[in-house]
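Bear in mind these aren't lab numbers, they're just calculated from the coordinates by the rules spelled out. Computed from a predicted structure; not experimentally measured. All Cβ positions, glycine included, derive from the backbone under ideal geometry; neighbour counts span all protein chains shown.
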């Protein structure tokens, strides 16, 4: 339960000589959004590892939930719940060969990447962060959330994916490592509104929880463009589009959400995990869970319909023979929300 015991990144760099892990904490394309933080530390001549939770969006992997790392092919376990892989790392999901976004990024950059197992719940992910201290001499772990839904408190109407980001945030805070949560590309996922995100950031700043800000640089653009040519992501593409001059409103996630591509998306807020956790009821309730299912049930008890619930409902429709393009995802989510609202009173 360390948080970040330094006042700045510069102070950390002066006082520490250990290695750093930067990972996409929400699964999907978050690893693309995490790249610029990884690249920043590389330019500062620090040894840094890039990783992700292999939980792919339903357009890439229709099977609900994160991929357990024991199911990954062409990867090597380096410690409990952490594996290292590369562009050839994949999993079979009901007979279908799935390359996680981390593998696609590894192919674009010709690097190795880390895979974190979220299927074992908060305790499993927490153990992974703790074991990195010994196995890779890691003394700082940074989880990157693209969009900012990790800042949610659970009351937001357009909160689509409260589970994985908060599971990661809870594990980060409850680990023995110094940790940071980096929020990149405010509202680029179309969930919390910009006003909601800024209000939450102000509350965190009032507790001195913002360590500093960073963001995309010109030196990242060529590499990110190459990564995007391999990756399947919309939220992590938007900051790059903003950095290259786009200013527009666009639909994402099959038209279920709208985002505004603008220069605000370029900025990344570095947040002390301890402060974030203390003002995050969602992260707190997930503490101690031993599986993704248990964590999901905890959020269901709060009346939250999660990305895992949505994936399961979509999967049921696909098992009936319907293609993803034929499914009214907004309607499916509304039915799920209505059920959650009813079930918490039963």
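Data overview
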| item | result |
| --- | --- |
| Whole-Å semi-axes of the ellipsoid equivalent to segment 121-229 (Cα gyration tensor, √5λ, descending) | 24, 20, 15 |
| Radius, Kirkwood style, for segment 190-346 when every pair of distinct Cα atoms is counted (Å) | 18.6 |
| Cα-derived Rg over Rh, computed across segment 9-304 with Rh taken as Kirkwood radius | 0.93 |
| Estimated Rh, segment 84-170: Kirkwood, alpha-carbon pairs, angstrom | 15.1 |
| Fewest-first ranking of 82, 285, 330, using other Cβ atoms within 10 Å as the exposure measure | 330, 285, 82 |
| Value of Rg/Rh across segment 25-96 [Cα atoms, Kirkwood radius] | 1.00 |
| GNM flexibility winner over the chain from 324, 227, 314 (Cα, springs under 10 Å) | 324 |
| Euclidean distance between Cα centres, segment 39-109 to segment 172-218, Å | 24 |
| The chain: most fluctuating residue of 134, 320, 199 per GNM, C-alpha cutoff 10 Å | 320 |
| For 10, 80, order by how many other beta-carbon atoms lie within 10 Å, fewest first | 10, 80 |
| Segment 275-346: radius of gyration over Cα atoms, expressed as a fraction of 2.2 N^0.38 Å | 1.29 |
| Highest-fluctuation residue, 53, 232, 150 considered, GNM on the chain with Cα pairs under 10 Å | 232 |
| Expected 222 nm ellipticity per residue - DSSP helices of 4 or more, -39500 (n - 2.57), all of the chain, to 500 | -12000 deg cm²/dmol |
| Projected label distance in nm at residue 267 and residue 77, using a 7 Å step from Cα toward the beta-carbon | 4.4 |
